[in-house]
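Heads up, the thing below is written out as structure tokens.
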Amino acid sequence: MKVGNTHYRSVWPIGDDAVGVIDQTRLPHAFATRTLTTADDVLAAIKTMAVRGAPLIGVAGAYALALAMREDASDTNLTTAHQRLNAARPTAVNLRWALDRMSALLTPLSPAQRAHTAWLEAACIADEDVALNQSIGRNAAVLLQAMHADVKRPLQLLTHCNAGWLATVDFGTALSGIYQAHDAGVPLHVWVDETRPRNQGLLTAWELAAHGVPHTLIVDSAGGHLMQRGDVDLVLVGADRVSARGDVANKIGTYMKALAARDNGLPFFVAVPSPTIDWSLRDQMNVPIEERSVDEVSRLTGIAASGNITTVRVVDQSTTVANPAFDITPARLVTGIITERGIAAPPDLAALFPEFRPAG
Ligand code: MRU
């Protein structure tokens with residue numbers, strides 16, 4: 001993805017003992033990068049959401065484990081670092097997936113071999129993420145092109161949260177297809193949910209603007225109305241965890257969009273790379289739903305007239321606040337899951353990945 005004239009990934013190695021990241025807490029007001037030199041630095045960046053989005057959290061977690069091995073490559077530290085990192089953001093399965101892959105590779109090695117091998121593996125996971133997202137984008141773009149041929153006017157999409165370049169190493173999941181379709185000349189427009197409380201929709205709007213994709217920011221509750229009015233052709237989102245039968249855990253508010261889409265007879269598509277599919281998940285309700293700080297709801301951050309990024313409290317201090325960060329859209333509301341292998345309705349998802357045997 002280009003910012004100005006410079007091509008960026010969302011995370012990149014610096015030498016073999018630091019990683020660069022984009023500080024997403026400052027976007028869309030300021031573009032700033034940070035250098036993270038310890039596993040704890042990366043852990044803090046994941047927890048504070050300077051680094052966020054399921055695939056990106058997974059890759060950052062892999063680099064964090066590699067940094068942990070540079071600090072102390074003992075068996076004990078491998079186990080402890082894995083556990084601490086895994087607990088940072090519980091809903092997105094990509095973090096667990098990447099840490100499990102790293103640990104499986106590192107455990108049989110001697111401590112002296114671990115740091116170097118871990119660094120190479122983290123870079124490999126990052127490169128794989130880019131390739132997966134490009135393939136998802138190709139598959140989604142074919143779908144969008146076909147849908148555009150049906151509507152014979154600019155295709156109207158609605159997306160929730162940020163499933164773009166910033167949420168991955170590059171290209172994004174849901175937005176990857178939008179970028180590819182746009183680049184191929186498919187006229188389209190994206191309704192961007194604001195996505196309270198963290199306002200990831202502002203990141204989506206920033207990305208779409210950087211790529212020249214027409215879009216409009218809306219409040220989270222506007223989607224149903226736009227669908228009723230005939231102003232949405234399809235909903236396209238990413239996910240943090242998809243069960244083998246196609247239930248979708250994604251940013252809070254996704255479920256309501258799926259319900260509204262169903263009520264209005266509109267397709268609801270979910271774009272995910274295979275590391276987001278949790279083949280071990282038997283019961284959709286077993287997904288750990290992250291409860292985040294109530295400050296995210298009671299405070300708003302924006303840019304003041306002075307040009308400074310400022311946070312203000314908007315909720316009375318006596319008000320009780322809750323902040324569940326994700327919800328689950330049952331498979332029956334999902335039209336199709338767009339993966340690097342192709343698009344499948346939920347019952348056919350497992351057939352795209354015969355090497356994984358769904359649990360139970
Ligand atoms: O809390 P976040 O910002 O990490 O949540 C991100 C999302 O919910 C995205 O929709 C999801 O990770 C898909 S990203 C390609």
Remind me, relative contact order of the chain in percent, using alpha carbon pairs under 8 angstrom and six or more residues apart? 16 percent
Got a number for carbon plus sulfur as a percent of the stretch 205-301's accessible area, 1.4 Å probe? 52 percent
Write out the trypsin sites (Lys or Arg not before Pro) in the stretch 94-171 meeting two conditions: DSSP loop, and at most 15 other Cβ atoms within 10 Å of their Cβ. LYS152
With helices defined as uninterrupted DSSP H runs, which ones in the chain have an alpha carbon span along their own long axis of at least 27 Å and mean Kyte-Doolittle hydropathy of at least -1.0? 111-151
Estimated [θ] at 222 nm from DSSP helical runs (n ≥ 4, -39500 (n - 2.57)) normalised by residues in the chain, nearest 500: -12500 deg cm²/dmol
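Can you tell me the accessible area per residue over the chain, all protein chains present, probe 1.4 angstrom, in square angstrom?
Counting only protein heavy atoms, the per-residue value for the chain is 41 Å².
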Roughly speaking, to the nearest percent, how much of the stretch 1-139's 1.4 Å accessible area is carbon and sulfur? 52 percent
List the lysines whose alpha-carbon lies under 18 Å from that of LYS47, not counting same-chain residues fewer than 8 positions away? LYS251
Translational D (Stokes-Einstein, µm²/s) of the chain at 37 °C and 0.692 mPa s when Rh comes from the Kirkwood sum over C-alpha pairs? 159 µm²/s
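Explain nothing, just the number: relative contact order of the stretch 255-360, from Cα pairs under 8 Å at least 6 residues apart, as a whole percent.
Here the relative contact order equals 35 percent.
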Any lysines with Cα under 29 Å of the LYS152 Cα? List them, leaving off those in the same chain fewer than 8 positions away. LYS257
Expected max-MSF residue from GLN180, GLN156, GLN228 in the GNM of the chain (alpha carbon, under 10 Å) is GLN228
Starting from the stretch 277-360, pick out the GluC sites (Glu not before Pro) whose DSSP state is loop and whose Cβ has at most 10 other Cβ atoms within 10 Å. GLU355
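The values are calculated or read from the model by the stated rules, or taken from the named source; none is laboratory data. Computed from a predicted structure; not experimentally measured. As a convention, Cβ positions derive from the backbone with ideal geometry for all residues, glycine included, and neighbour counts pool all protein chains shown. Keep in mind that these areas ignore ligands, DNA and RNA; they rest on the heavy atoms of the full protein, side chains included. Shrake-Rupley method; radii C 1.70, N 1.55, O 1.52, S 1.80 Å.
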